[in-house]
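Structure, as structure tokens:
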Amino acid sequence: MIIPSHFPSGVNRPDGVDHWSMDASRAAAAITPDELAQMSMGQLEQVWSMYPCAPLPGGMWQATYLEEFPMTPTKKLLARALFKWRLFGLDLNTHKWWFKDATRAVVEFDPQHGPSRWRDADVIQLHYETTGPRLFRGMLYDELKPLNENCILGIGGSNQDNAQGAWFFFALSRVPVL
């Protein structure tokens, strides 16, 4: 995979000025969910850690399962059954996950801006402790990195502070309003 030309070229420029923030912001503003879907795990990690977290937009979003982190066979099967092999997404107006159909919201979340639990990054944390289904409240946790008005990178996982909590990257694409 060739990284698109709008990706940052690095921080050490001949003029001695650190242009990384400017380049990363410009690159994040231009990236698309289709480009995220073509990236390797290493490239997704780079986007996650180096690109700024834009404000969380509203609207209806459809998810695409991207790359998996190392996990147990049981977690892998669960992640694939719930997310890779099903249509799912988020309604960022009502703060709810949906499966199969955007009108079937099943899990509510509380978005909070803060540091990632799993990576050195600024993200939108999705908390379910007070709003999710009682059975799953203590188990669920996800993170979003809005890159621009039409592209969000996410990490789906479980409510664990260590690396075992991160299960997979996913991309969110805005669902067109009919």
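Quick one: count up the residues across the range 108-129 that are touching an Asp or Glu at 6+ places or on another chain (Cβ under 6 Å) and basic (Lys, Arg).
1
Filter the range 146-171 down to the residues that are at pLDDT 75 or above, in contact with a helix residue (DSSP H, G or I) (Cβ under 8 Å, 6 or more places away or on another chain), within 23 Å of LYS76 (Cβ to Cβ) and not hydrophobic (A, V, I, L, M, F, W, C) and list them by number.
Across the range 146-171, the qualifying residue is only GLY156.
Out of SER40, SER5, which single residue is among the hydroxyl-bearing types (Ser, Thr, Tyr), at pLDDT below 75 and loosely packed, with under 13 Cβ neighbours inside 10 Å?
Details: SER40 fails: at pLDDT below 75.
Just a single option satisfies the conditions, and that option is SER5.
Answer yes or no as to whether GLY59 is modelled with pLDDT under 90 and over 14 Å from the mean Cα position of the chain (by Cα). Quick ask: steps written out before the conclusion?
On the way: modelled with pLDDT under 90: no; over 14 Å from the mean Cα position of the chain (by Cα): yes.
No, not satisfied.
Just a yes or no: is a residue in the range 23-35 surrounded by 18 or more Cβ atoms within 10 Å (Cβ to Cβ), charged (D, E, K, R), in a helix (DSSP H, G or I) and at pLDDT 70 or above?
Yes - at least one qualifying residue is present in the range 23-35.
Report those strands (runs of 3 or more DSSP E) wholly inside the range 77-133 carrying at least 1 residues which are surrounded by 14 or more Cβ atoms within 10 Å (Cβ to Cβ) and modelled with pLDDT of 85 or more.
On the way: elements: 88-91, 96-99, 105-108, 110-115, 122-127.
The qualifying strands (runs of 3 or more DSSP E) are 88-91, 96-99, 110-115, 122-127.
Any idea which of (1) at pLDDT 90 or above; (2) not in a loop (DSSP other than H, G, I, E, B) is the one CYS53 doesn't satisfy?
Of (1) at pLDDT 90 or above; (2) not in a loop (DSSP other than H, G, I, E, B), only one is false for CYS53: (2).
The values are calculated or read from the model by the stated rules, or taken from the named source; none is laboratory data. In this text, all values refer to a predicted model and were calculated from it rather than measured experimentally. Using ideal geometry, Cβ is built from the backbone for each residue, glycine included, and neighbour counts are taken over all protein chains shown.
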